[in-house]
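Here the structure is laid out as structure tokens; the discussion comes afterwards.
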Amino acid sequence: MRSLTILLIIFYIFYLFNSSVNGQLGKCQRVNTKQDFKLDNYLGVWYEIARFDSSFEKNGICSKANYTINPSDSSKIIVTNSEYINGQYSQAIGEAYCPHPEQDPAKLLVSFGHQPFAGPYWVVDTDYKTYSMVFSCVNILGVYHIEYAWILARQPSLNTNLLTDIMSRWKSLDVDISKFKLTKQVNCQQP
Ligand SMILES: *[C@@H]1O[C@H](CO)[C@@H](O)[C@H](O)[C@H]1NC(C)=O
């Protein structure tokens, strides 16, 4: 009886993960990040072109991020995410840092005030001036994982051929591209 209860709880947790966040059985796939990543070249504004659909980001349009060096601690990056949710301007300020700048310069951790832990922000590839491919995956108890991916661009739109190319690259990395939702980047008024 007791083990049945535990089993039901586990199934319920899987069900919750599947319905609200991008949870999947198994461990995070191995994804290489950009070699010789130069954080300095990556700073500034990035527009969200596509993202994994998630409940906590629903309806957000005109989403963009601004990465700047923290003037009082140059090892930290201030992350300013902004978007419009149901017509309302919304801003979230977080902090990012690179735990192993020598070995893994493209593997950052990002945290926002309301979150209890920092989430991975891995730059899979970028040319710094046009596009960026960002991956985030967390293993849960070794049996489950939650993953997200983003396509960012320096401009609010991305060339269709380049976008197609990026999608096929995600696919070759075993990332389920059917989970990508294009982010609306039109009719964005400034606050
Ligand atoms: C990005 O943030 C920096 C530092 O706060 C600010 O000076 C700059 O104007 C911001 N850029 C945009 C486009 O919001």
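Here, each number is a calculation from the coordinates, and none is a lab measurement. Predicted model only: the values in this text are computed from it and were never measured. Please note: Cβ atoms are built from the backbone with ideal geometry, for glycine as well, and neighbour counts cover all protein chains shown.
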If you scale each eigenvalue of the Cα gyration tensor by 5 and take the root, what three semi-axes come out for region 94-182, rounded to whole angstrom and sorted largest first?
23, 17, 13
Got a sec? How would Val138, Val143 order by Cβ neighbour count within 10 Å, fewest to most?
Val143, Val138
Would you mind ranking Ser82, Ser74, Ser132 so that the residue whose beta carbon has the fewest other beta carbons within 10 Å leads the list?
Ser74, Ser82, Ser132
Inter-label distance for Arg169 and Glu102, nm, one decimal - labels placed 7 Å from Cα along Cα-to-Cβ
2.8 nm
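Quick check on the exposure proxy: order Leu39, Leu158, Leu108 from fewest to most C-beta atoms within 10 angstrom.
Values: Leu39 17, Leu158 22, Leu108 26.
The most exposed by this proxy come first: Leu39, Leu158, Leu108.
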Under 5 Å between amide H atoms, partner at least 5 residues away or on a different chain: which partners does Ala50 have, H built in plane at 1.01 Å?
Ile151, Thr183
